[in-house]
Structure formats: C-alpha cells, structure tokens
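A quick write-up on the structure given underneath.
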Amino acid sequence: MTSAGAVSSNQATAKAQATAVPASETLPWLLSALVVGLVLYYVIGVDEGAVSVLGDTTVLHEFVHDARHFLGFPCH
Amino acid sequence: MEARSFVLRGVLAGAAAGLVSWVFSLVFAEPQIEAAIAYEEGRGAAEEALAVAAGSAPAAGGEEEIVSRGVQATLGIGVGMVGIGIALGLLFAVAYTLLHGRVALRPRVLALVVAGAGFLTIYATPFLKYPASPPAVGSDETIGDRTALYLLMVIGSLAFLAAAVFVARLVREHLGTWNAVLVGGVVYVALSAVLMAVLPGLGELTINVVENGPRVSETPIPLRDASGAILYPGFDADVLYDFRLASFAAQMLLWGVLGLVFGALVERRMARAETSERPVAAAS
C-alpha cells in the first residue's frame, strides 16, 4: 500500500534528482540517437521519393505510402 | 540518470506513441485515403477517355501495383507510424537529455514541454505552409521541389525555435520569465511568418503555373472541355478537410503520447532509484 506520505516523498525525489547529466558519458549515446533518429525520419519520410539512397525500386515508398501522406511528407 | 536510460525510454515512448497513432490512422485516415485514390483513378480514366477521343492511342494497361492497397492500408501505415514514432522518440530523447536538470521543471513537465516544441517545429509550423495532402493532391513532377520546400520549413522552424529560446534567455533578467517567454514566442512567430511569406506556394511552382496558371495549391481543379463545361469535378473539399484535420490530430496524439509516456517512465525510474539508494545512504 502506498501512503500519501510516500507519494509526496517520491515527487520530492523526482525533483531533487533532476540533476544535469555530464557531457562525457552522454555524448556517444546522444550522437547515435541523433544519427539513428534522423536516418529513420529520412527513410520513413523521404527515401525512394524525391531522392533515393536505398535503391531504384519503389517498394519502400509504396509500403509506407499511406503513412507518408498522413504524416505530412510530400509523397508523389 | 544517464543518457542511455533517456534514449531507451525515448524509443519505448516513441513506439507506444506510434502504435496509438496507427490505430487512430486506421479509423480516421484510411477512409479519406481510399476516397482520394478513387478520385485519382476516376480522373485518370476521364483524362484517358478524353485523350482517346482526341485521337491518341489508349495507354497500355493500368498502373502496376507494387504493394497492394490492402497491405498499404494496414501493415504499411503501421510500420510508417511506429517507425516515425521511434525516430521522433530518439530525437526527443536527445533534446530532453540536454535540458534535464538544467531547467526548473520536474521531468514529466519538461517532457511535455519538449514534446510540444517538437510538435510545433517539426509538424505544425510546416503544416501551415505546406499541409499534409492525400493521394491525388500534388503533381508527380513537383515531388523534388515539394520535398525540398517542406524540409526547409522543418529546418527553418527548428532554427527559429532555437533563436526564440536564445532571445528569451537574453531578456529574462530584465523582463522576468513570463514576459521573456512571450518575447520568445513573438520572435518565433515573426521569423516563421517571414519564411512562409518568402517561400512559394505549391501552385506557384513553374510546372504547375504552366499547366494550370498561378494558383496557391496543387489541389486538382475540375476537368473542363473546350466550352468550359465540367467533365470531371475538382477534388472533394470535405475529403481534403477531413484528411488534414485527421493528420493534425494524429500528430498531436503522437507527440502527446510520446511526452506523457516518456515523462512517466523517467519519473518512475527516478523514484525506484531513490528507494534502492536509501538503505545505502542510511548506512553511510
């Protein structure tokens, strides 16, 4: 059972522990997240449309076709 | 908490947001997409009949279907929505990690603020200039220009948000936080308005002007014969409205779920770390 006291102490620690993350250990994670995120955004949204790096087929384009339209990307 | 925890939670929250948006899109996007494709096919048939009547040879066969409509409308849109959810979750996690502990907001509030900023810059602002369009709306020949212009709007609004935050921090000392945020908002809106005014409308692209004369958008206008009588109607305004409204709502859902789930996951993790650390702290 969670008492009211425990809840408020949890909230207090959530605030207290929100300390900044040092740059040295975070950099590899942040860089890879940034790169993978951008590549995935490009693959879902753009590739095999206006430009293509994954080949001349339009299989990927056609497969995510509806999502591309619905997410606001120019499709064809 | 280290960056690894944030990135993994970003992926998890992004995938959850993508799943929710997938279900939403099955109900609210697919009927509009089907209607748009039916319009496109009907118009294509009418144009071909016209061409044949004018003496051209009929086109050989229909368009080859690479991925069936059934797959596109179910699995395809699902992979797209979950994929974009994970992509945005990763980018979200990067921004969140850089801000965590550096601003006076508890994690779940900061997560919602970052998600709101992502929605505004990556989707909503570009949407005002170049709104999401169903199939049949948009000329094949302008895909290169349209993609470049759309991505320019996305990059521009991200840069403008950075500029707005910079200005807000600069004036905060003098004006206080509330007014500084308002000043930042004005900076963002003003810069975005200038970019939107400078960039061409899609109907103003050369290929479209040559074909249809200068227009604001690429939405198909009625097909007319020489006397001006309508042979095939223009694109249904209600279908276009419903599609765009659903697209906007889906992005609100996507970013909203991403921010809420991420914030909840981070706060739960912090509370758990605290309880497991407590006995050690007591002993030392």
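The values are calculated or read from the model by the stated rules, or taken from the named source; none is laboratory data. All values reported here derive from a predicted model rather than from experimental measurement. Glycine gets a Cβ as well: all are built from the backbone with ideal geometry, and neighbour counts include every protein chain shown.
Side notes on the structure shown:
- Scoring residue B:217 on the criteria (1) over 27 Å from residue B:107 (Cα atoms); (2) of a type in the set (S, T, N, Q); (3) assigned to a helix (DSSP H, G or I) leaves a single failure, condition (3).
- Across the range B:225-245, the number of residues qualifying as touching a Pro at 6+ places or on another chain (Cβ under 9 Å) and either within 14 Å of another protein chain (Cβ to nearest Cβ) or surrounded by 19 or more Cβ atoms within 10 Å (Cβ to Cβ) (or both) comes to 6.
- Leading residue by the ranking (surrounded by the most Cβ atoms within 10 Å (Cβ to Cβ)) among those in the range B:193-212 that are in a loop (DSSP other than H, G, I, E, B) and not aliphatic (A, V, I, L, M): B:201
- Among the candidates B:20, B:27, B:11, B:7, residue that is without any contact (Cβ under 8 Å) to a residue 12 or more places away in the chain and among the β-branched types (Val, Ile, Thr): B:27
- Residue in the range B:177-192 that is small (Gly, Ala, Ser), closer than 20 Å to residue B:111 by Cβ and not in a loop (DSSP other than H, G, I, E, B) present: yes
- Residues that are away from chain A (no Cβ under 14 Å), closer than 28 Å to residue B:237 by Cα and in a helix (DSSP H, G or I) within the range B:33-84 comprise B:38, B:41, B:42, B:43, B:45, B:46, B:47, B:48, B:49, B:50, B:51, listed in sequence order.
- Scan the range B:97-136 for residues that are facing chain A (nearest Cβ under 9 Å) and touching a residue at least 40 places away in the same chain (Cβ under 8 Å) and the total you get is 14.
- For residue B:128, the conditions (1) at pLDDT 95 or above; (2) aliphatic (A, V, I, L, M); (3) surrounded by 20 or more Cβ atoms within 10 Å (Cβ to Cβ) all hold with the exception of (3).
- So residue B:93, is it assigned to a helix (DSSP H, G or I) and farther than 24 Å from residue B:22 by Cβ: no
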